[in-house]
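Working notes for the structure below.
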Amino acid sequence: MKNIRSSSSVLNEVQLVSYAALGALRRIAITAMDAFNAVFVINDEMRITFYRDRGIYYTKSGQYWQAVPLLQQVIQKRPSDEAVIFYLGYSYLKMERIMEGIELLARSVNDKTASVRIRSVLGMAYIQSKEYKKAVEVLEDAIRQEPSSFNMHYRLGLARDHLGEYDAALASFQAALRIRPNETKVYQAIGFLLNQQGKHEEAVVFFKKTANSTESMQES
């Protein structure tokens, strides 16, 4: 029985040939005869580069189910490629393959080669898996490297909130607001936090800010 490839697989192969053709044109300009002899050869390096570019594109486009199989092939050949680690890890989380995402991202952090954005998404992964202490540790370390990141302060606030560290969580949310003063989800998070502490009147103020911010967005 013949194997039937998916339409997305066929499309990737067609795009790969087009990608190879562009590379062939460049080679022709350098060494005409040699390039002609190998004009449509698709070597492993070219294939992996193509898969890398398409995988990152699919991740950015929200097509995680298409990104993952491509990036998985790339990571086998380029295990230290920071961008591939980030986008593959992010895709895993979006597909709720949390443990696979954590394993990939944590390995990079343990090797001390991880960028700030990898630490940030690992922190998000730990929050999703309810490992809040690990999230705090990773995010605090990342914030020391890049203190102006909204996402990291916000995620740190969420992790601390889940641990019941309300004052520290509030400080993290306030730091996030200083970076993005009109972010609705932070107002809402602070409202819930204050409400948990029994500070109902103060919580109402932030819930009103959430409502006002939402109305402003709808009007604009």
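Derivation of every value follows stated rules applied to the coordinates shown; laboratory data play no part. For clarity, every value in this text was computed on a predicted model and none was experimentally measured. All Cβ positions, even for glycine, are placed from backbone atoms using ideal geometry, and neighbour counts span all protein chains on display.
When the Karplus curve 6.51 cos²θ - 1.76 cosθ + 1.60 is applied with θ = phi - 60°, which whole-Hz ³J(HN,Hα) does each residue of the stretch 192-207 get, with x for Gly and Pro?
Rounded to whole hertz, the list is 5, 4, 5, 5, 5, 7, x, 8, 5, 5, 5, 5, 4, 4, 6, 5.
What is the extension gain from LYS60 to GLU140, computed as 0.36 nm multiplied by their sequence separation minus the C-alpha to C-alpha distance, in nm to one decimal?
Taking LYS60 through GLU140 to full extension adds about 26.2 nm, to one decimal.
Mind putting a number on the dipole of the stretch 135-220 about its Cα centre? Charges go on the C-beta only, +1 for Lys and Arg and -1 for Asp and Glu, and I need it in Debye to the nearest 20.
140
How much length would be gained if the chain were fully extended between MET46 and SER80, taking 0.36 nm per residue of separation minus their Cα-Cα distance, in nm to one decimal?
10.5 nm
So how strong a dipole does the stretch 95-150 carry about its Cα centre when Lys and Arg Cβ are +1 and Asp and Glu Cβ are -1, to the nearest 20 debye?
40
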